[in-house]
Amino acid sequence: MAVYSIKDLEKISGIKAHTIRIWERRYGLVEPKRTATNIRYYSDIDLKKLLNISILNQNGFKISKIAELDDHQLRDRVLDLCVDARSSGVQIESLMVSMLELDERKFLNVLSGTIIKYGFEDTLEKVLFPFLDRIGVLWQAGTINPSQEHFISNLIRQKLIVAIDNEMQNVSVNGPRITFFLPEGELHEIGLLFYNLMARKEGLDVVYLGQSVPLVDLKVVNQARPADAFFVSFVSAREKEEIEKMLQNLRDVFPDTPFMVNGLQIRELQPKLPEDFTVVSSIRTFKESIRLLKYSE
């Protein structure tokens, strides 16, 4: 069983520690245990309950009314709200709970309902990407267990691979060639898989290399199947200077080929980009880059 400090609860739930303490005293919503030195700590059960409370409270439920619900009623209200919600925040919080519970069925129910409501592309961009960014930061900070992050990531990965396989059966390739890869040491593949899917939908000729590709191997592949563009993503924590050096190395090795870059570290650190490197921040910017690539041919 995981153990959380009140600061951990604040980071994961977004509820201020001061508010959590008020809810403890006034309503008894969570009941922390104490160490031998009288320091509060919380369990997985406390965290999951607080996340559910946060979902209802952010959607207009008064805390005094929430306090009257038992655990089953609380869970049912959250599930009902998730189905009807217009805000992606509810789905993100619900996915957080399913991750903490390692509840595959709940995760898939939330995901399927969101896809039906918003469509596959919007669900990935507006719900799953912000969710993955959030848990990635928490994982790097040591606030959540890596196994919880891997559990959810693999479920999303399975969904994307099925969608890619279906696209490969149905779409004819008539566009320029784009090579997708993650640099050496980078293992977070969800964003790369998603844009791989989008490229196939647009009729591009895709070479997908996946995780942790050494530069020397990238050169060998490119000699066999020269790329009209590369797509690379940076999610794992790195120093800004390290990313800038890696990007410049890519430009030096492939001086005439455009690159598309994305990922949490690109958005957070905003490294200086070499010439003809484009940040892909959304489906819209990706499609614009593809149009330019097609036009240049």
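A few points about this structure:
- In nm, spacing of pseudo-spin labels at Asp165 and Asn109 (7 Å Cα→C-beta vector): 2.6
- Inter-probe distance in nm under a simple model that places probes 7 Å from Cα toward Cβ, at Asp276 and Lys7: 4.7
- Ordering of 90-99, 8-17 by packing [mean C-beta count within 10 Å, highest first]: 90-99, 8-17
- nm² value of the averaged projected area, convex hull over the Cα atoms of region 8-81: 4.9
- Here, region 164-297 is characterised by an Rg to Rh ratio of 0.93, where Rg is the alpha-carbon radius of gyration and Rh the Kirkwood radius.
- Principal semi-axes in Å for the chain [√(5λ), Cα gyration tensor, largest first]: 41, 22, 15
- Crossing angle, helix 104-118 versus the chain [Cα axis fit, 0-90 degrees, rounded to tens]: 70
- Rounded to the nearest 0.05, the FRET efficiency derived from the C-beta distance between Glu241 and Glu68 at R0 = 45 Å is 0.25.
- Entries in Lys159/Lys272; Lys11/Lys106; Lys245/Lys294; Lys7/Lys62; Lys126/Lys294; Lys106/Lys287 that, when Cα-Cα distance is taken, lie over 31 Å: Lys159/Lys272; Lys106/Lys287
- The calculated FRET efficiency for Glu288 paired with Ala36, based on their beta-carbon distance and R0 = 45 Å, is about 0.15.
- Positive end of the dipole of the chain (Cβ unit charges, origin at the Cα centre): among Leu247, Ala227, Phe131, the Cα lying farthest that way belongs to Phe131.
- For Glu101 and Val220, the FRET efficiency from 1/(1 + (r/R0)^6), where r spans their Cβ atoms and R0 equals 51 Å, is about 0.70.
- Helix 71-84 axis, angle to the chain major axis (alpha carbon atoms, nearest 10°): 40
FYI, it's all coordinate maths here, none of it is from the lab. Just so we're clear, the structure is a prediction, and the values are computed from it rather than from any experiment. Virtual Cβ from ideal backbone geometry, glycine too; neighbours counted across all protein chains shown.
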